[in-house]
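Since the structure comes first, as structure tokens, the remarks are kept for the end.
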Amino acid sequence: MANTSWYTVGKPEQRIDAVEKSTGKVRYIGDYSAPGLMHAKLVKSTQAHAKIISVDTTEAWKMPGVRAIITGEMFPYHIGPILADRPPLAFEKVRYYGEPVAIIVADHEYQAKRATEKVKVEYEPLPIVNSAQQAFQKNAPLVHENAAQYTKIISDVYPKASTNIGSHIKIRKGDFDVAWANSEETITATYSFNLSDHVAMETRSTRVEINPAGKVIVHSCSQSPFTIKKVLNQFFNIDVGNILVHIPMVGGAFGGKGTVQLEPLAYLASKAVGGKLVKLEFDREEDMTTAPCRIGFDATVQLGVTKEGKLVAGKYTYLIDSGAYTDQAAGITRAAALDCTGPYNIPNVWCDSYCMYTNHPFATSFRGYGHPELTFAVERTMDQLAEKLQIDPLQFRIINGIKPGDTTPTQAVLTANNIGDLEKCINRAKELIKWDEGQCIKSGKNKVRTKGISTFWKTSTTATNAQAGAIIIFEADGSVNLNCAAIELGQGTKTILGQILAEKLGMDMNKIHVTMEVNTQYDPHQWRTVASSTTFLAGRAVVFAADHAIAQLKKTAAVVLQCSPDDLEVGGGRVYIKPDPTFGVDIKDIALGYTYPSGHSIEGQIVGIGKHIQRHLTPMDQQTGFGKPGPWWSVGVQAVEIELDTRDFTYSILTGVTVLDGGTIINPMTATQQMRGGMYMGLSYATSEKFVFDEHGIVKNSNLREYPMLRYGEQPTEYLVDFIESPAIDGPFGARGIGEYGVIGAPACLANSLSIATGMELNKLPLTPESIWQRKVEGTI
Amino acid sequence: MNRHNGTSKAFIHLHVNGETKEVGVRNADTLLSTLREKLGLTGAKRSCENGDCGACTVLVNGEPSHSCLSLAVEVVNLPITTIEGLLDSPVREAFVDKWAIQCGFCTPGFIVNCHALLTNHPDANEEIVEEWLQSNICRCTGYQEIKEVIHSLLGSNNHSIKKTHPGLSK
Amino acid sequence: MISFDFKYFKPSSVAETIEAYNGVHEQGEKALFISGGTEFITFARTNKIYTDAIIDSKGIPECNVLEMRDDNLVIGAAVSLNKITNSNLFPFLGATVKQIADHTSRNKITIGGNINSELIYKESILPLLLVDAKVKLAKGNDERAVLLNSVFNRKLNLSSGELLLQIIIDSSNIDLPYISLKRTKFSKVGYPVVSVAAILKDNRLRVAFSGVCGYPFRSDKIENIVNDSTIPVVNRIDQVMDNLPSSIVDDLQGSREYRAFVLKNVLLDVMEEMEMGE
Ligand SMILES: Cc1cc2nc3c(=O)[nH]c(=O)nc-3n(C[C@H](O)[C@H](O)[C@H](O)COP(=O)(O)OP(=O)(O)OC[C@H]3O[C@@H](n4cnc5c(N)ncnc54)[C@H](O)[C@@H]3O)c2cc1C
Ligand code: FES
Ligand code: FES
């Protein structure tokens, strides 16, 4: 539905990073080495919960090449993005297996590693909190003795003294109790799944040096360069202006590189060796356990409905396993609450969303920010309720689908502008998955093919002052440099921003040079590259920067062409008179100002600046949740068709459908990439992925041999992707966010299809043949 | 004795992308770390160092090999080709054309493996393709685009995928 | 990143190999043979193994043989799994080893390394147990060829300093009807939940297992049961389950009970495929 009058928006412009990436010449963070570079390695906890009795570094100091050893008591403070509850290096006690306990800096990496093996840590084991449910029980051992005393960095976090509750977010809309009592049909269902991991192919890594002038220079593969500055300022007392963060292209992130963990450690390491450049790189095992992972989730969903299938009451209890520290899990707890219902209009909503401390590796944001999890719980319940009501599950969703004029759980009012069109998405997905040909077909001996569907929604929960900026600088040849702090993680953001600029200037993409790397010293502030917010925030900044530059172009050209700026248009590398496009001036001739034959010059270089800050977002009320958490909600539908062997419960995924209303699609191919890749990620998670803990809270599968993911050939045989484009008036060219969405509905639609295929309610993830078999065994007992 | 190395370090010659390179290594250094840190060939990526992901794939003797699963001292005298030696491969171009690249971290390993696959099996069926490509993990794309890359080159009699490779030393 | 240092020897004959081994030993140090080296490298990186020296067997001509010699197929211990499959000299073995690890790894993993792996799977041994393969071993100045079954009990029992040189298979066993079935957790690439290999020789089914108990095995008792055509197949399978040599493994790939469920299904498939019905 691309507007045909657009020049490049809506067209599949080639990604600007693809050629370089294909040659292997892109320098990711770990591809840098230099003589004199020092290496840091971590000593990590071998226990999930224990008192640290002593850390003996005597033998480690004797190892060749060792230059510094840093232990927890050297920096006995807590840091964190939402609640400051995490010591960068454990002191007094350890709270998860793999937690950093000491840092060793040495000349060579192997020397540092060898020395870590010589550090003797004496532990006194403490009782383990091994699940969110256990954490929630009265008299459970405490992971944090004084959670309520920690400093709040962001207001919406409510740790509870003498419990394992790191935060508790409430939604109270309407009167749930009355509505529940009056419901003609009800359902209560519970769900649970374990923590898991991002497994970006590039592990986290950083380099830090402190130059003699006191400037701290950080290189990292982070999604949050300005948060690194904030953290180093807040907790290490370094002036913000003295911290410079550089981010090269990033080898996948999925939310896992949004948190700030390695950089403070590398800063401490560099400081300990007189400011020398120190590299700290996680190997895969550390990246899986020491670094933050994905939340675990326990949910109870209660829905009350009229006979006609109209939802009237919804109650949601979410226990989020945040592991040892709240990190972004506290934010996910909030995000899961404010979108708790899924994209349905329910007048009476009650939600308690708890962020639970356990002795698991700590969790942070993961693509979807809690929504794949809550969507699983909601959409499984919707299917079960539809069955009870004997209504077609699609029809049931259409009846209750949220629309302009309805309000969200936090009572934010929806308009045609800030919410996509769910019904259109459902109908399109229905066509693509061929729903009408049957939801369950016997396809051979012991074989059955079934279809499952899931709707989803998500707002972009940014800080209320989240913002982005862009600077565009014209070159003497009329081409343009675009600098902004949006980070290229693989999502194609730099291409999209380039396209937005090309559209505004009516210029070819090859005339737009987008700086791929980010440097906080010369890129304007950008909140973070998370929450599917970049196209919206940075995109708007680019639009403003382009307008700013266009005004300058017209001003200079107006002098040259002896007319009013209002008479002029910019496009095709020229500024020209509207009524007579042949009369104009090339941008290259005015890019650095215009010089008359006499040598006299005017105006100077065209430099456009633009910025955008979120409007009218508010925190949530502590008692009711009331507030406006995000600028818009993208909605969508996913569906799969699977084929199950009913004898041994092995199955394959035949078709995966994603239909998203993300407003205008700037680049249909990068958007399609995001949908397919997202769906893959959601399906891999749902079929295979979870951390396995033993009774001591130790992760048993922290490598890719034993942490299985879908490989080539195990993805759906085909992915069908389509977009409904209800424009968002305030988005750049009508775009909303899309980055996370492809992942959200995948686990739910898979479970729905498998539940039909097996005739059992499958409410746990992952759905391995073993877990389905297990369900069967339990069901027959 | 072919090689007798009574110490823990060695000076060796590696035949990489058609050039013979002298390099000092610890016997414990993997081919991956040697290529990356000693020879500046950072196209092979370090991701799992456990043979599970394929990000580090290079050709040894024309066969795809996880360079994290070889010691540098094991592969002296063998021709080695890295992504840097395959810049002319049509596979590389097809990865760009078919949108098979997102973050790009898995890309070099995939291209090297796909190149070897098409060299060895220009008419591979889906079973062979799957067998080979299961050695590489991509966390971004969902594999459909990579499948399209292979299908666009299969049976195309693409003469630019040569049986030889530039790994033999001068 | 392997943090410890070690010496590296790549001898080009058996004699040199023994010499290198003895040399290290005389210094009171530990020497380890490698062939593919994949297990050594991955274990060494995570400190699951330590050695002062490794002796790489890939330079020993005997270890690289892969050919028919008279009536025998001879496979050097350092031959990669892919070479075995691609040679098609022994399709049963080729099909079984093709299920191990992933294609790229199989260019490096060798049959000798897999048989001597510290892991419980060692899947390439299954066909060898079934065809009464012989192994050629070298130690000091002695070389001996013995029946694999006589030296394999849960693992290949080599004495210290003993090297597996070759595997020898009588050609009469090469074209027997076979089946090799591996089940994994979800992705095809992975350690086995259950891996079963079987051949039909002299109208008798021979069957070997990996991933079931804590070691690969073949059992007379089990073979007697599966071949007892007086009993319905399902009952035979139940009897097999009662006669496993030790309790079923319970690990990350699958619980004990699930493995039993999978094993029964796989056995059913094997019996059906090999027409072992009543
Ligand atoms: C990605 C991946 C996936 C895997 N999946 C599977 C799987 O599904 N099933 C399975 O069975 N295994 C699997 N493995 C494990 C694999 O079996 C071992 O890594 C492999 O068998 C080792 O072979 P290698 O030749 O590299 O051995 P090496 O590392 O060379 O040696 C392994 C052991 O054998 C000894 N050894 C080697 N050669 C000799 C010899 N000639 N004489 C005496 N001793 C010797 C060594 O001392 C060492 O203890 C997997 C491995 C990888 C890397
Ligand atoms: S880094 Fe070598 S296979 Fe993953
Ligand atoms: S493109 Fe990111 S892992 Fe493949």
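The values are calculated or read from the model by the stated rules, or taken from the named source; none is laboratory data. The shown structure was predicted, so the numbers you read here are calculated from the model rather than taken from an experiment. Methodologically, a virtual Cβ is constructed for each residue, glycine included, from the backbone with ideal geometry; neighbour enumeration extends over all protein chains shown. Just the protein is used for accessible areas: all its heavy atoms, side chains included, with ligands, DNA and RNA removed. Shrake-Rupley method; radii C 1.70, N 1.55, O 1.52, S 1.80 Å.
Accessible surface for region B:2-83, divided over its residues, is 27 Å² per residue with a 1.4 Å probe. Each 10 Å bin from 0 upward holds the following percent of the Cα-Cα pairs of chain C: 7, 29, 34, 21, 8, 2, 0. In this structure, the pairs whose alpha-carbon distance is over 18 Å, taken from A:230/A:628; A:310/A:403; A:434/B:98; A:445/B:147; B:9/B:38; A:62/A:118, are A:230/A:628; A:434/B:98; A:445/B:147.
Segment residue A:592..residue A:513, full-extension length gain: 26.8 nm, with 0.36 nm per residue of separation and the alpha-carbon distance subtracted. In terms of accessible area, using a 1.4 Å probe and ignoring ligands and nucleic acids, C:80, B:152, A:601 rank largest first as A:601, B:152, C:80. Here the ratio of the Cα radius of gyration of region A:1-94 to 2.2 N^0.38 Å is 1.94. Summing Lys and Arg as +1 and Asp and Glu as -1 over all other residues whose Cβ lies under 11 Å from the Cβ of residue A:762 gives a net charge of +2.
Across region B:2-83, counting alpha-carbon atoms alone, Rg and Dmax equal 11.7, 33 Å.
Fraction of C-alpha pairs exceeding 14 angstrom in region C:7-59: 49 percent, rounded to a whole number. From the alpha carbon centroid of region C:170-235 to that of region B:103-158 is 33 Å.
Here residue A:388 is the anchor, and the aspartates and glutamates within straight C-alpha reach of less than 18 Å, apart from those fewer than 8 places off in the same chain, are A:184, A:185, A:308, A:379, A:761.
What is the calculated FRET efficiency for residue A:32 to residue A:551, with r their C-beta to C-beta distance and R₀ = 41 Å, to the nearest 0.05? Here the calculated transfer efficiency is 0.50. In region B:85-153, if the dipole is taken from +1 on Lys/Arg beta carbons and -1 on Asp/Glu beta carbons about the Cα centre, which of B:149, B:125, B:111 is farthest to the positive end? My answer, from the dipole projection, is B:111.
The peptide list C:155-162, A:592-599, B:34-41, put in order of mean Cβ contacts within 10 Å with the highest first, becomes B:34-41, C:155-162, A:592-599. Chains B and A together bury roughly 4500 Å² of accessible area, counting both sides, with a 1.4 Å probe on protein heavy atoms only. Spatial offset of region A:456-517 relative to region A:287-356 amounts to 34 Å, using the alpha carbon center of each.
What percent does the relative contact order of chain A come to when contacts are Cα pairs within less than 8 Å and at least six residues apart?
It rounds to 15 percent for chain A.
The 1.4 Å probe gives accessible areas that order A:286, A:209, A:725, A:387, largest first, as A:387, A:209, A:725, A:286. Counting every pair of alpha carbons in region A:337-451, the share spaced more than 16 Å apart comes to 71 percent. When cysteine pairs in chain A are screened for C-beta atoms closer than 4.7 angstrom, the residues that find no partner are A:221, A:293, A:355, A:425, A:440, A:484, A:563, A:749.
If R0 is taken as 41 Å, the Cβ-Cβ distance between residue A:152 and residue C:251 corresponds to a FRET efficiency of 0.40.
The mean number of partner chain beta-carbon atoms within 10 angstrom of a residue's beta-carbon across peptide C:4-16 is 6. Take A:669-680, C:15-26 and order them by the average number of nearby Cβ atoms within 10 Å per residue, most first; the result is A:669-680, C:15-26. Here is the P(r) of the protein assembly as shown: all C-alpha pair distances, binned every 20 Å from 0, give 11, 39, 37, 12, 1, 0 in whole percents. For the protein assembly as shown, DSSP calls about 80 percent of its internal beta bridges antiparallel. In terms of packing, defined here as the mean over residues of other Cβ atoms within 10 angstrom, the peptides C:67-78, A:490-501 line up highest first as A:490-501, C:67-78.
Across region A:580-653, the mean sequence separation of Cα contacts (distance under 8 Å, 6 or more residues apart), normalised by length, yields a relative contact order of 14 percent. Per-residue mean of foreign Cβ neighbours for A:719-726 is 1 (Cβ atoms of other chains, 10 Å radius). Its DSSP H runs of at least 4 residues, each contributing -39,500 (n - 2.57), put the calculated 222 nm mean residue ellipticity of chain B at -7000 deg cm²/dmol, to the nearest 500.
Based on every Cα atom in region A:472-547, Rg and the maximum pairwise Cα distance Dmax equal 11.6, 37 Å. Remark: region A:150-164, residue by residue, has Karplus-estimated 3J(HN,Hα) of 5, 6, 8, 8, 10, 5, 7, 9, 9, x, 10, 4, 6, 9, 9 Hz, where x stands for each Gly or Pro and the curve is 6.51 cos²θ - 1.76 cosθ + 1.60 at θ = phi - 60°. The fraction of Cα-Cα pairs per 10 angstrom bin, counted from 0 for region A:618-750, comes to 11, 31, 27, 22, 9, 0 percent, rounded to whole percents. Length available on full extension from residue A:390 to residue A:615: 0.36 nm per residue minus the Cα-Cα distance, which gives 76.6 nm. The accessible-area ordering, largest first, of the residues A:704, C:119 stands as C:119, A:704, per a 1.4 angstrom probe.
Near residue A:312: Cβ cut-off under 13 Å, other residues only, Lys/Arg at +1 and Asp/Glu at -1. The net charge is -1. Computed from label points 7 Å out along Cα-Cβ, the spacing between residue C:118 and residue A:717 is 4.4 nm.
Over the residues of chain A, the helix contribution to mean residue ellipticity at 222 nm works out to -7500 deg cm²/dmol, using -39500 (n - 2.57) for each DSSP H run of at least 4. Give me the net charge for the shell around residue A:732: Cβ to Cβ below 12 angstrom, other residues only, Lys and Arg +1, Asp and Glu -1. With Lys, Arg at +1 and Asp, Glu at -1, the net is 0. Residue by residue along C:37-46, Cβ atoms of other protein chains within 10 Å of the local Cβ number 5 on average. Using only Cα positions of region B:85-153, each an equal point scatterer, no hydration layer, compute I(q)/I(0) via Debye at q = 0.21, 0.27 Å⁻¹ and quote the log10 values to two decimals. Treating every Cα as an identical point scatterer, log10 I(q)/I(0) equals -0.81, -1.43. Computed from the Cα positions only, the extents of region C:111-211 along the three principal axes stand at 46, 32, 18 Å, in decreasing order. Based on a Kirkwood Rh over C-alpha pairs, give the Stokes-Einstein translational diffusion coefficient of region C:61-173 at 4 °C and viscosity 1.567 mPa s in µm²/s. After rounding, the answer is 93 µm²/s. Working note: 222 nm ellipticity from helices only, DSSP H runs with n ≥ 4, each -39,500 (n - 2.57), summed and divided by the residues of chain C, gives -8500 deg cm²/dmol to the nearest 500. Relative contact order of region B:2-83: 34 percent, from C-alpha pairs under 8 Å at least 6 residues apart in sequence. Placing +1 on each Lys and Arg Cβ and -1 on each Asp and Glu Cβ, with no other charges, gives the protein assembly as shown a dipole about its Cα centre of roughly 1620 debye.
What separates the Cα centres of region A:699-734 and region A:220-282 is a distance of 28 Å.
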